Structure formats: C-alpha cells, structure tokens
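Have a look at the structure below, then the notes.
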Amino acid sequence: MADPACLALQIPERLHTEDRKPDPHFGASEWLYRWIAKGYERKDLVAGFSLNPGESVNRERHSKYPADVLCNAKTGKHRVGFAILAFDVRLLRQPFASDQQNTTYSYDVVHKPVPRMYPHCEIEVTTGGQITTKVPPLVRRTWRDAIVDSHQRQVLINHALPTD
C-alpha cells in the first residue's frame, strides 16, 4: 500500500520506505550518491560535500537511478540543476591516518531510511570504537579531498528525476 503522504508529494513509489527495514549489508563496490548544489568543478565538489558525521547520501542498491538523490524527501521537489557526486563505498571505508593527537578516525556509511526515502544513508565516524560527532576539520578535509580527487568517483550532471 503506497504511503499517501508520498503520493501527495509525487515521490515515486520505489522510494517509499513503508515497512521496509534498514539493510545493513553494502555491496563490496556499491556506489553512494550525494547531491551537490554548486556545480561539478573540483571547487564545487569540495564546497558541496563536507563529510560531516550524519551527512546524507543515497545508496546504489536501493536507488533505481542516481538521480533519486535529487528528490527532496520532505517536500517532494526535485533539486533541478544540481550535480550528483557518485563514489564507491570503499573510498569511505578505508583506514585513515590519525590526527595530531594520534587519534584514529574510521568512516563508514549506515543505511538509515527516512519516511519518504528508503535509499537514505548517513555518514558515521568512530574513534576508539565509539561513534563520534566531533571530527577535526583537517581529518574531514583530508578524507573528503581523497574522495573528490579519486578516480573511483564520478560527477553526474543534468539528471531529471524519473517518475517510474
């Protein structure tokens, strides 16, 4: 049964969460998608992707199209003209050198569906085996830049939100 709120906002049924539970298993080379408001040059990617704990991405396994990430789950509106940063989950899940205090930070992604966006995930960071929201700016920038500069990422532009 389709969610009436999703239907009223014209969010495609494939994105409705309904009674589906989170899927904790990510494919070894599954793609993650993040919308970027500014553009597709390196400076735009850096400005539009902060890699903060809790930052939203969509996952490939539950997205029929990369452009699904352009659908605003709260309003149903499509982020027209926005670019999509697509990157391999392995870029996020690699070991990371520690900061000046010799603290090691590990990034991961967790599937956290929201009511009108089943593919929704969030970036999670741990240190010492504990989830943290306090990540030094240098650590975030270094990791973000590694993703932005990687050959295992793509920038997709001019994608319309499919309605099927």
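Here are the numbers for the structure shown:
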read-out	value
For the range 1-71, size of Cβ-based charge dipole, Lys and Arg +1, Asp and Glu -1, in debye	240
Paramagnetic reach from Thr75 (point 7 Å along Cα→Cβ, amide N under 16 Å) across the range 28-45	35-38
Angle between the chain longest axis and helix 137-148 axis [Cα atoms, degrees, rounded to 10]	60
Relative contact order, percent, the chain [alpha-carbon distance under 8 Å, six or more residues apart]	30
Dipole of the chain, positive direction: furthest Cα of Val125, Val46, Ala73, with charges on the beta-carbon	Val46
Isotropic mean projected area of the C-alpha convex hull, the range 28-156 (nm²)	7.9
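Bear in mind that the values in this text are calculations on the coordinates, not laboratory data. From a predicted model like this one, the values you see are computed outputs, not experimental measurements. With ideal geometry, Cβ positions are generated from the backbone for all residues, glycine too; neighbour counts draw on all protein chains shown.
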